Amino acid sequence: MASIRKRGDSYLLVVSMGYDHNGKRRAPRQKTVKPPEGLTPKQKEKWLNEQAVFFEKECKETPLTVDKSITLEEYVKIWLRDVAPDKLAKATLARDRQDIGRFMPYLGRYKLTELRPEHFRKLYAELRTHRSQNTGLPISEHTVEGVHACLCGILSDAMESGFLNHNPAWRTYKYSGKKKDKLIADEETVQKIIAALENESLKYETYYKLIIATGMRRGECCGLKWSDIDFERNSIHIQRNVVKLTGEEVFTKPPKTAAGDRYVYFSPEMESLLKEYRQECDWQADAYENRELTEDDFVFRKHYSSDPMTPSSFTWRFKLILKKNGLPEKLNVHSLRHSNASLLIANGTDVATVASLLGHSQPSTTLDIYTHAFDKNKKAASETLQQSLEI
């Protein structure tokens, strides 16, 4: 809120206007007000606070004079300094920094007002010719789509700040090629994976079976604490996600959306496995750490540490399990989540319920991802109807 400074019989209201694109503080806006006669001290304080709120609102709604000659590179520096840290999660910001590195050599020199749709289309075409430094393969279309999303977000913020009157990147991206099908294990393969897991340590067996049973994400499973598991109701409260960024310590964060904070449920068989694993964790805490396991401990935690295990640890281990048992090596841990959803759909579960269990904000997201599975159900339903009507 605006600051209030006494000046004799009147008061000076001062509103900070932040910094310009060069990092220099803008001149604050000021207004002198004088309270009406006859107010009590409490009434005067209330009146001054109201005037401060009204003046700040007026200042914030008045368009700032901005430098229209600013380049994309200059604006991105402002965005990274003033906008992104308060707006984006750490993982999202790290990914956006990678995307900025991809588009800056091509677009950074342009003034924001010079950017045209053809600049973005040319950029996306150029990126599709690049190869990954790690694999030597062409970068994925998903990566190109991410660059577009990053640009749109940055330029939308530039609009809000008055540097642009429209977003030149909108509607400039078109998906190239055929979208890859999700890596999904069919029911037979899932049964083989479950059988293979029974030859693994109790920790890994419990982790992977939990994802198959509930459809939770890798990081969500790593973020579980014993307090999240309700053995009376056979439910799990998913309320945090584990993230590991390159060069940083592992950390947890809340779900991105309200839908991500949810409950999933497990069977009596899964209950028995979880209780058996809990007994092992109790024993390990006592034997190796000379303490009792608490409800605040992570279910899957690092040895001799209070930190959760990182999702990549389970990614690497899963690949070994697949290879050792002659199972399709193209599958990954996220495939187990997809398999859970597909099996739910195949068993006739409605889209709203599947979306709720997966933590999707909108059922339309579930429909978009699992269109193929729902199409099979629609075909089967149509055939059943036609058979019953003898058509």
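The values are calculated or read from the model by the stated rules, or taken from the named source; none is laboratory data. Small disclaimer: the values here were computed from a predicted structure and weren't measured. Glycine also receives a Cβ, built like all others from the backbone with ideal geometry; neighbour counts cover every protein chain displayed.
Some points to look at:
- Within the option set T113, T143, T129, T135, being buried (at least 16 other Cβ atoms within 10 Å of the Cβ) and hydroxyl-bearing (S, T, Y) holds for one residue only, T143.
- Here M104 passes the criteria (1) closer than 14 Å to Y75 by Cα; (2) surrounded by 15 or more Cβ atoms within 10 Å (Cβ to Cβ) except the one numbered (2).
- Top-ranked residue in segment 147-160 [being surrounded by fewer than 18 Cβ atoms within 10 Å (Cβ to Cβ) and closer than 16 Å to K60 by Cα; ranked as modelled with the highest pLDDT]: M159
- Which numbered condition D282 misses (of (1) over 16 Å from L197 (Cβ atoms); (2) not assigned by TED's automatic domain parsing to the domain that holds Y208): (2)
- Hey, L123 at pLDDT 90 or above and within 16 Å of L80 (Cβ to Cβ) or not: no
- S132, sole failed condition from (1) touching a helix residue (DSSP H, G or I) at 6+ places or on another chain (Cβ under 9 Å); (2) closer than 26 Å to K87 by Cβ: (2)
- Residue satisfying all of: in segment 213-227; more than 14 Å from K253 (Cα to Cα) and under 22 Å from the mean Cα position of the chain (by Cα); surrounded by the most Cβ atoms within 10 Å (Cβ to Cβ) among these: M216
- Only listed residue being of a type outside the set (F, W, Y), at pLDDT 95 or above and more than 21 Å from the chain's Cα centre (by Cα), chosen from I194, I184: I194
- Among the candidates L202, L210, the residue that is at negative phi, assigned by TED's automatic domain parsing to the domain that holds Q279 and crowded, with 18+ Cβ neighbours inside 10 Å is uniquely L210.
- Those helices (runs of 4 or more DSSP H) lying entirely in segment 42-144 with at least 1 residues more than 26 Å from the chain's Cα centre (by Cα) and closer than 26 Å to A27 by Cβ: 72-78
- From the list V190, V242, V264, the one residue that fits, being buried (at least 17 other Cβ atoms within 10 Å of the Cβ), of a type outside the set (F, W, Y) and over 18 Å from L344 (Cβ atoms), is V242.
- When T366, T353 are screened for being closer than 14 Å to A259 by Cβ, touching a residue at least 24 places away in the same chain (Cβ under 8 Å) and not small (G, A, S), only T366 passes.
- Condition met for I236 (within 25 Å of P363 (Cα to Cα), assigned by TED's automatic domain parsing to the domain that holds E200 and surrounded by 13 or more Cβ atoms within 10 Å (Cβ to Cβ)): yes
- Just one of the listed residues (K256, K302) is under 21 Å from the mean Cα position of the chain (by Cα) and basic (K, R), namely K256.
- Any hit, segment 173-190, residues being within 18 Å of P268 (Cα to Cα) and either in contact with a Gly (Cβ under 7 Å, 6 or more places away or on another chain) or assigned to a helix (DSSP H, G or I) (or both): no
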